[in-house]
Amino acid sequence: MKRSKKYLSAVSMIDLKKLYDLTQAIELLKKTKIVKFDSTVECSLSLNLDPKKVEQNIRGALILPHGSGKQLKVAVITKGLKLKEAEAAQADYVGGPELVDKISKDWMDFDILVTTPD
């Protein structure tokens, strides 16, 4: 199989016999990027923990500093003073009956729809 110039250039930067620490690995990952979009990176860590011992179990959650990627678009259907509240809350689409008409014509450029009972 023939490889691209970018791929061959990236592979030539990597020393397969060397063990990189985390910061070096991340820097090398940035230098050897061969695609034009943000690619997925998988990381495996060996912590040498015994899962049978309760004190060695790891549980927790992680909040990513830049989110997980997708920005949700929110549409709000309401009337009166609630229109200003929705705009202040930075909803992407705010409206009343005109937004209902737009949605009834197969417009679906939002991820979440919020409505008020009025």
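Taking the structure as given and computing percent of Cα pairs over 18 Å apart, which label from [x] 44; [y] 40; [z] 73 fits?
[z]
What ranking do Phe110, Phe37 get, fewest neighbouring Cβ atoms within 10 angstrom at the top? Mind showing how you got there, number by number?
Values: Phe110 17, Phe37 6.
Exposure proxy ranking, most exposed first: Phe37, Phe110.
How much length is gained if the chain between Met108 and Glu42 is pulled fully straight, taking 0.36 nm per residue apart and subtracting their Cα-Cα distance, in nm to one decimal? If you can, show how the numbers build up before the last one.
Details: separation 66, 0.36 × 66 = 23.76 nm, distance 3.32 nm.
Extra length from Met108 to Glu42 when fully extended: 20.4 nm.
Got a sec to turn the phi values of the range 106-113 into Karplus ³J(HN,Hα) couplings, 6.51 cos²θ - 1.76 cosθ + 1.60 with θ = phi - 60°, whole Hz, x for Gly and Pro?
Here the 3J(HN,Hα) series is 6, 8, 9, 8, 8, 9, 10, 10 Hz.
Below 20 Å, Cα to Cα, which aspartates and glutamates can Lys79 reach? Residues fewer than 8 away in the same chain don't count.
The reachable aspartates and glutamates, counting only those whose Cα sits under 20 Å from Lys79, are Glu87, Asp92, Glu98, Asp101, Asp118.
Considering amide H positions built from the backbone, and no H for Pro or chain starts, which residues 5 or more places from Val94, or on another chain, come under 5 Å of its amide H?
Val76
Could you tell me which of the pairs Lys30/Lys53; Lys31/Lys52; Lys6/Lys70; Lys82/Lys105; Lys36/Lys102 are separated by over 31 angstrom between their Cα atoms in the structure shown?
Numbers: Lys30/Lys53 38 Å; Lys31/Lys52 40 Å; Lys6/Lys70 28 Å; Lys82/Lys105 24 Å; Lys36/Lys102 36 Å.
The answer is Lys30/Lys53; Lys31/Lys52; Lys36/Lys102.
Each value in this text was obtained by applying a stated rule to the coordinates, not by laboratory testing. Worth saying up front: this structure is predicted, and the values here are computed from it rather than measured. Reconstructed Cβ throughout: ideal geometry from the backbone, glycine too, with neighbour counts over all protein chains shown.
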